[in-house]
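The values are calculated or read from the model by the stated rules, or taken from the named source; none is laboratory data. As the structure is a computational prediction, the values presented were derived from the model and not from experiment. Note: ideal-geometry Cβ built from the backbone for every residue, glycine included; neighbour counts use all protein chains shown.
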Amino acid sequence: MRSLRNRLTIMFLLMIGISVLGTGIFVALLLKASTIDSLTERLEKEGRLLAEAVNREELWKKPALLQQQADRFGHSLDARVTLIDKKGEVLGDSARLPRGTENMKKHPAVARALSPDSKGKAGSIREDARLDVFLPVVGGKEREKVLGVVRLSMELERIDQRLSQVWVSLAGGLLFSFALASMISSRVARNITRPIEEMTRVAVDMARNKLHRRIPVNNRDEIGRLATAINRMAAGLRYQLETIRKSERRLTGVIETMDSGLIMVDSKGKITLANQAFHRFFNLKPRQLLHKSLPEGAIFHDLNRLVRKCMESGERVRDEIHLYFPEERIMEARLTPIWEERGETGVMAVIHEITAIRRLEKMRTEFVANVSHELKTPVTSLRGFAETLLDGAAEDPDMRKEFLEIIQAESLRLERLIADLLDLSKIESRNMPLNIQTIGIGELLRSTAKTVEEQMRKRKLSFRVKAEEEFPVQVDPDRFSQILLNLLSNAMTYTPAGGEVILSAGRGETDWWVRVADTGIGIPGEDLPRIFERFYRVDKARSRESGGTGLGLAIVKHLVEAHQGEIQVTSRAGKGTEITLTFPR
């Protein structure tokens, strides 16, 4: 396919060629006609001079003299001179033709010249390749008598030879003009097509989303205005594309960083969007579902049902989904219909994991039940023994003393329970500020150990305190002592007589630790994840027997976290338990 530049160049060349050729032909024909006209006019003038020279009547009676005149004038005029009398006979001819060989009276031009109406006017005629001019010769006293006719003839071949030189010069000039015009037309075509080619390249780049190129604008003509409009369009498209890309990146960032799963399904059931959270919820690889149908596996059964329900009803759907693989989880799905261009319905589903919420709700319910139960037991005991005393048992000193001791013990237990609940509430609501102080680890351990040494002896337990080295720590001494007392109290409770409890401490390069180890009954593996829950007891009978409230480890967990520490529990049933608290230095 020819380019626009080539087509314009060819068109210009054709127009110039046709113009030059037409001009050349016109000029040549005009030049030839002008030359013939000039020659005719010259022959007429020369013929009149010749007619004046031979207008004597006595001369026409002497053919020899006329032949001499014809020869002389033919040589001087460089033309054929023929003298014809009024009878049409040739009396003199510079061509030296024999007399009587030709009678020209019937020749139209001769007849016109001999007629009385000619009035001395010349007549010209072109025959084949010759130009003839006929003039009457008028004589007499009053020049009213026609004596004969003078013919001047000239071969046009001589004219053509002269014109051929002109043709050669004209052709050379025209060829030079054509070459010059070709160069100019090529340059003009290039100047016209260059901005168009540049606009084409910019348009191709725009189609490929390359919007940085611009068209140089050198003129303010139509092409320049078009280039300016394309530049403005490219700048507008670039700005809009950058805006769209920024919005897309922001939207993608929001979608991919959402904790909630997001999935979009078109009217044909194909997944057009699924974020990382959705793949994580269903244990799938990234991009595994894109442009595919939602799987029909058991794990997607409830979701497929909700999607179909939303598509068929065209209304929002909200429900819970229970997943049992790889672990039990509860999801809340909110599905919204999306109307597509052709009136078809797609679905957008947002999935939240509410396992922790449901677990907290369950824990709250259990907490309320446990608090009610824990409060009900001492209150029931207090009420029962008080009613017994009121019914007459107070009269018996021994029974009264026993019942009052029980009432006192239950009151103390109720007091401890309420105190622990208040402490736990303050700690969880962060309304209990820590009084951080710098204290030696040995002093901290020894002051706590003195509190429980007597109880250890009563329970016949071996109790040791080990500090690898003395080093300062920054803690709230009262709250840290509360942590250690709760851990040591649990160790005493679940360690049978003859066992051992060890309280130790040490430090590493970036942290320091405190460990409480015992040789008690240990904690079964299935109970380890729940030992820090409120009112959770591994051995309920022994815990109640010891007067425990079931809140000690929950308080320990919150106080350790308040000190920016971590808890690690290692235990084997029947072998003992080891609880390690680690804190940053």
Filter the range 444-472 for residues that are among the acidic types (D, E) and part of a loop (DSSP other than H, G, I, E, B); the one that is nearest to T493 (Cα to Cα) is E468
Note down all Cβ pairs under 7 Å where the first residue falls in the range 564-585 and is in contact (Cβ under 8 Å) with a residue 40 or more places away in the chain and among the small types (G, A, S), the second is surrounded by fewer than 14 Cβ atoms within 10 Å (Cβ to Cβ) and in a loop (DSSP other than H, G, I, E, B), and they're at least six residues apart or on different chains. A573/P524
Please give the number of the condition N191 fails out of (1) within 17 Å of I16 (Cβ to Cβ); (2) touching a helix residue (DSSP H, G or I) at 6+ places or on another chain (Cβ under 7 Å); (3) polar (S, T, N, Q). (2)
Test: residue in the range 124-139 that is modelled with pLDDT under 75 and farther than 23 Å from G74 by Cβ: no
For the range 195-220, which positions are of a type in the set (D, E, K, R), surrounded by 11 or more Cβ atoms within 10 Å (Cβ to Cβ) and without any contact (Cβ under 8 Å) to a residue 12 or more places away in the chain? D205, K210
Residue identified as within 30 Å of R287 (Cβ to Cβ) and part of a helix (DSSP H, G or I) among R201, R249: R249
Can you name the residue in the range 407-426 that is touching a helix residue (DSSP H, G or I) at 6+ places or on another chain (Cβ under 8 Å) and at pLDDT 75 or above and, of all such residues, is surrounded by the most Cβ atoms within 10 Å (Cβ to Cβ)? I407
For M363, which of the numbered conditions (1) over 21 Å from M258 (Cα atoms); (2) in the same structural domain as F282 (by TED's automatic domain parsing) fails to hold? (2)
Qualifying position, being closer than 16 Å to I338 by Cβ and in contact (Cβ under 8 Å) with a residue 12 or more places away in the chain, among K292, K270: K270
Tell me yes or no: at least one residue of the range 36-55 is at pLDDT 75 or above and under 60 Å from the mean Cα position of the chain (by Cα). no
Given the conditions (1) at pLDDT below 85; (2) crowded, with 20+ Cβ neighbours inside 10 Å, every one holds for S429 apart from (2)
Picking from M233, M183, the residue that is surrounded by fewer than 14 Cβ atoms within 10 Å (Cβ to Cβ), at pLDDT 75 or above and out of contact with any strand residue (DSSP E or B) (no Cβ under 9 Å at 6 or more places or on another chain) would be M183
Which count do you get for residues in the range 257-271 that are farther than 14 Å from C310 by Cα and surrounded by fewer than 15 Cβ atoms within 10 Å (Cβ to Cβ)? 2
The range 47-81, residues that are closer than 14 Å to S153 by Cα and among the aliphatic types (A, V, I, L, M): L50, A70, L77, A79, V81
